[in-house]
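Derivation of every value follows stated rules applied to the coordinates shown; laboratory data play no part. Here the structure is a predicted model, which is why all the values come from computation and not from measurement. So basically every Cβ, Gly included, is an ideal-geometry build from the backbone, and we count neighbours across all protein chains shown.
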Amino acid sequence: MSEILSAEKATKFLRSKESVVQIIETANKILDGKLDIYLPQKEIFILTLLVDRLNDRSQFNNWKYEPCVWELLTKVWYRCKEQRNQLIQKFRIIEAVCNILDKGNEKAIQSALAGLELIYREAYVEIDENSTYMLLKSFVQAAPEKSSELLLNWNDLIRDIYNRISLKSTREISKKTYSKFFQDCVPSILSYLTTPNASDIFQDILKQEMFNEDLIEYLNSNIEILLKKDTDIPSIALLYKLVVEQLASKHMDICQQIYTIITSNKKYSTLSESLLSELASSQKTLTHEFALSVYGNEVDGKMFRDINWNMVKYLFTLDNDLAVEKSSFVLEGYSSKMNIEIFEVGKAIVTAYVNNRELIEFITVVWPQAIESDKVWKSNEFVNFVSTTISTFTSKQLLYVIEQGFKLDKQYQESVFTALTTGLITCTFQMIESVKEKFIENSQFFNSSDFWHVRFNLLCLYGKEYKVSNKIMKTVNEKYYFFTLFRFLELGVVQAIGEDDQKAFLKFLKSNSDLATTVLKRWLVILNNFFDQQFLVKLLELLFTKVKVSELNQTFFEQRKLTSALFKLIMKDLQGNMSYLDSIPIHCISRTTKKDLMNQLFHLYIKRNESTLDFIKYLLSQPSYQSELELKFENLIKLVESRSTTSFAIARIIWSNHIQQIKDNEDYVINAIKLMTKYLKKAKTAISGESELCLIILSAKVPEELESQFNNFKQVFIETCLSNLDKSDDEATVNWNLRALITVSDEVDYSKIFPKLQKVAADVKTNEMKSILFKLICHTISIDLNHAIYVLSLFTALHSEGVGNLDMELFFNRLSSDKEVYSEVLDYFVNSLDEVNESYVIIACHFFSNIDKENYSSVSIAKCMTLFIQAIKQKNNSIPLVLETLRTALVDHAWIFNQYLLEKTLVIIAYLAHSATGPDIYILTTQVTSHILLYHRFKLSTRHHILLHIATELLRPFCQDSPIASSRDAAASYSRLLGNLCEPTQRATVADSTKLTTTANLFKRALRKHLPVLMVNYIYFNLKFHFTKQVNDELVTGIYSIFDVLSQSELTLVNASLDNPGKSFYKTLYNDYKEYGKWKDQ
């Protein structure tokens, strides 16, 4: 390419057949003014050129597949303000985009769709049905082949373009258009919808076009054509699912016809079962002729075992008449030897008889014949299902069925009466009472060994009124025999259960362990009250093979014998069963049991089983004062030898318990102090369990009765620690002794330990040791000006080195006790500030938090506030600490905040409102603002414009790309701020009681002038930046509180300040407020 020196050469080159990339590069240079030529209306020329090239279908066809072309189109669109809408109307953009979707790469597709969205949103694009269908087809064909980005970014655009056509009031879909959509778009959309993560947008489009009520008559013929195109099987299955969902309620005949059309095609005949299941899921009735024809196709001419019984189940579900008509064939033709699953078909038959109100016939005629044919129909599962239908009877019908039941052969009666009595349990009280006389007068009828379940049910229904002959109460290895016996015990008919029955029940459970849950839920009280302890232990051992102790409910532990048996089971093999212990409520363990458990656990621990410690700790949450570990201090020494965290926690609990009961345990405590004193005098420098035990003792509360002994012990301990600092160079040992001195710092003389600390400080290497030394100095140093300056200087030096965990809270508490020194140190500190340093900010926060009302300098406090402002502007790391300090001080030290300091606080808030980057700082900022409103509002009666500016700025972070924009907690915090702003607290004064207008109303009146601006800003931000749903749900609560304040004139003012979209949103927002946000007296 020769050098371009004139506009003529430039335009000639741009129109040439040179490389597209070079031409686009040149066009960009012309647009950016990087070529030294004068080309008037260059934007219009380049836009015209792009439209011409992108429309070309021959020699310049390759242009449309270059992403840079579309990027240039976007660029020139923004540059060209005049004539662009007129020029772009010549652009066949839909056709171009479709070509790219069909043949282009992913980058080209992204660029083209971005260009389409730009032009569609900002100009008028001529779109007809054909072009819409073409775009729809091309998009869904391209989507599965490209990355998910394509789906995420452009689904809404395609839907909006389609809606422009579909929502036209003048649109009339012809048969031809309907068929065209079917042939062009339906296969592609169906294929796309069968892919993972397909968008529902296209399913909605498909349903809207396919199931147009005016053209539904053409659906069948178009589906026939679709089937001839070899559409894949998953697509046809999805198609029929949509057909059933949309048409089953009104056009079941069409669903049936389409079923026949699809299944009659050999390629799709395998879908017959799944399509029929879709029909069954609609829960609509089929025409009998259709069901009969499908049944005939599936059953006629086939062996019983070859029939597709799932199909039969669906047909019986859809057509109750068919199920009743063919029930004899199914129920009497089945044999268990066939080894086929037919139970669900049987349930469908029962349901059909219920729906046809012919259940009487089923129970008295059909079911007995089925039982005679095969025993499967008297199985527990089938009997239980039949029992669920009994509630559909009336009282008269139930009486009739019972009477007919007595006339049946004995082989059928057990199943029939079991179903009747089981179902009766869930019936109404009136129904139960209506048949009571019939059962009681025939009680002798059930006095045979076959009716245990029936007898149990009748005992549950009628209690003692139903009599059972004592002659039949002989031990039987049957579940309902034992349940009947337990029910007798429950009713008080029987006073005890024999040892033979207990043994028999235990034996029965061994072979029926699946009943464990039922037994533990239903018969706990019976087991507890009537079983012997030896059997209970064996019983629980058996039950816990199926049920975990953690799954037991509280009722179990209310049964003393059961709980006692559980403990015996645990102690039978404590090592294997101790995991049960922490599932047992501690208050259910008696002191004696606890003593035995702890003794055994401690002996296991001595044998190096440290897993017992957690259970010992759990048992000690309520002390027994009887175990070896609690009674002998020597055992406590053995316990801490491992130096594990849990052992120290246990020692702390035991010692604390003894101190609390000092009157009973004085000898124990004195003995312990003597033993530990002897140990300290002989102790080596190495830290042992006994050393930790000494520290535990000294950390506990000192009883007044033994104060002198404790003080002596403490002095020995301090001397030992100081001696160890001299003798040992081991870092861990030095650190431990320094921490120990901190624990007893109230008795440590700083002047005595200073030489020791100097020695340690000379060799200090780690930040941890520096932190410990600093803490010890803060705890022990005497309080005067020089020492305080030394501590502050030491803190500054250590903090600048990166030493963490430098806690000065105790030092400042000690410093604030001497008010004169405190003031001197504060004045010295603020007068020596010459730069903004994070350590200075932290010190200032401590001063701020510990200030005294009677003795403080407002000038010094003001200088601290200035330091805070400078630190925040420099984005210092201590910003959260500053905000927490201000938040606390606004409440605890409200007297500090005169008008000047309060407005300085507002400066901090105003700055952070638009510079906060994280939810934590944002929430703290809103909390500080809320505290100002709650406790200092009376000082801001003429500053509401500042507060509203801050509120607006605090809303802005939700519009930016930051973590705050998606933080629900931040939004909730802002909403609370608005609530505090719009609902002033009432300051009760004597003067107020004589006025008609409260101070709260005065604040609202002043605030009302400014709130419309905040409301307009919220609407603007919401429409332009679209807050996330979870954020907006929180924000809108606060916005509703603004409506509570605004009068009708301010509401009108807000409306007048908005454009049309804003007014529409405002109307919706106000209606929601009246519906949901405004409190109504109901």
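Just a few scattered comments:
- Rounded if a/c under 1.5, otherwise prolate or oblate - the stretch 646-707, Cα gyration tensor axes: oblate
- Rg/Rh for the stretch 1015-1072 (Cα atoms only, Rh after Kirkwood) is 0.94.
- Ordering SER817, VAL1031, LEU574 by Cα displacement along the dipole of the chain toward the positive end leaves SER817 in first place; charges were set at the Cβ atoms of Lys, Arg (+1) and Asp, Glu (-1).
- Above-threshold pairs, the threshold being 19 Å between Cα atoms, out of LYS464/LYS561; LYS375/LYS474; LYS228/LYS267: LYS464/LYS561; LYS375/LYS474
- Rg and Dmax of the chain, Cα atoms only, in Å: 43.6, 123
- Averaging 1/r over every pair of different alpha carbons in the stretch 27-107 and inverting the result gives a Kirkwood radius of 13.4 Å.
- Helical content alone sets the calculated 222 nm signal of the chain at -20500 deg cm²/dmol, taking -39,500 (n - 2.57) per DSSP H segment of four or more residues and averaging over every residue.
- FRET E, pair GLU217, THR194, Förster distance 41 Å, beta-carbon r, rounded to 0.05: 0.90
- Longest segment of the chain lacking GluC sites (Glu not before Pro) that sit in a DSSP loop with at most 10 other Cβ atoms within 10 Å: 342-800
- Around the amide H of VAL836, modelled in the peptide plane, lies no amide H under 5 Å away from a residue 5 or more places distant or on another chain.
- Across the stretch 915-924, computed HN-Hα scalar couplings (Karplus, 6.51 cos²θ - 1.76 cosθ + 1.60, θ = phi - 60°) run 10, 5, 10, x, x, 5, 5, 4, 5, 4 Hz from first to last residue, x flagging Gly and Pro.
- Residue order, fewest to most surrounding Cβ atoms within 10 angstrom, among SER823, SER131: SER823, SER131
- Residues MET303, MET431, sorted so that the one with the fewest Cβ neighbours within 10 Å comes first: MET303, MET431
- Per-residue HN-Hα couplings for the stretch 935-944 [Karplus 6.51, -1.76, 1.60; θ = phi - 60°; Hz; x = Gly/Pro]: 10, 9, 5, 4, 8, 10, 4, 10, 10, 5
- Oblate is the label for the stretch 715-817, because a/c, from the alpha-carbon gyration tensor with a ≥ b ≥ c as root eigenvalues, is 1.5 or above and a/b does not exceed b/c.
- Electrostatic dipole magnitude of the chain [Cβ: Lys, Arg +1; Asp, Glu -1; Cα centre; debye, to 20]: 420 debye
- Between the listed residues SER19, PHE1065, GLY301, the Cα displaced farthest toward the positive end of the dipole of the chain, a dipole computed from Cβ unit charges relative to the Cα centre, is found at PHE1065.
- Coil-residue trypsin sites (Lys or Arg not before Pro) of the stretch 727-817, DSSP, other Cβ within 10 Å capped at 14: LYS765
- Karplus-derived 3J(HN,Hα) values for the stretch 201-217, using 6.51 cos²θ - 1.76 cosθ + 1.60 with θ = phi - 60°, are 4, 6, 5, 5, 4, 4, 5, 5, 7, 5, 10, 5, 4, 6, 10, 5, 5 Hz; glycine and proline are entered as x.
- For PHE211, net neighbour charge (Lys/Arg +1, Asp/Glu -1) across residues whose Cβ lies under 14 Å away: -3
- Remark: SER249, SER328 ranked as SER249, SER328, counting other beta-carbon atoms within 10 Å and listing the fewest first.
- 30 Å Cα-Cα threshold exceeded, pairs from LYS75/LYS1029; LYS638/LYS759; LYS347/LYS548; LYS207/LYS229: LYS75/LYS1029; LYS638/LYS759; LYS347/LYS548
- Working from label points 7 Å from Cα in the Cα-to-Cβ sense, the TYR78 to ILE233 distance is 5.2 nm.
- Net length available on complete extension from GLN534 to LEU934 is 137.2 nm, with 0.36 nm assigned per residue and the Cα-Cα distance removed.
- Computed magnitude of the charge dipole of the stretch 496-573 (debye, nearest 20; Cβ of K, R +1, Cβ of D, E -1): 120 debye
- The stretch 433-521, Rg to Rh (Cα coordinates; Rh as Kirkwood inverse mean 1/r): 0.97
- Cα gyration tensor shape of the stretch 496-573, rounded if a/c is under 1.5, else prolate or oblate by comparing a/b with b/c: rounded
- The stretch 496-573 - percent relative contact order, Cα under 8 Å, separation 6 or more: 36 percent
- Of the residues PRO368, ASN197, HIS936, the one whose Cα sits farthest towards the positive end of the charge dipole of the chain is HIS936 (charges of +1 on Lys and Arg Cβ, -1 on Asp and Glu Cβ, taken about the Cα centre).
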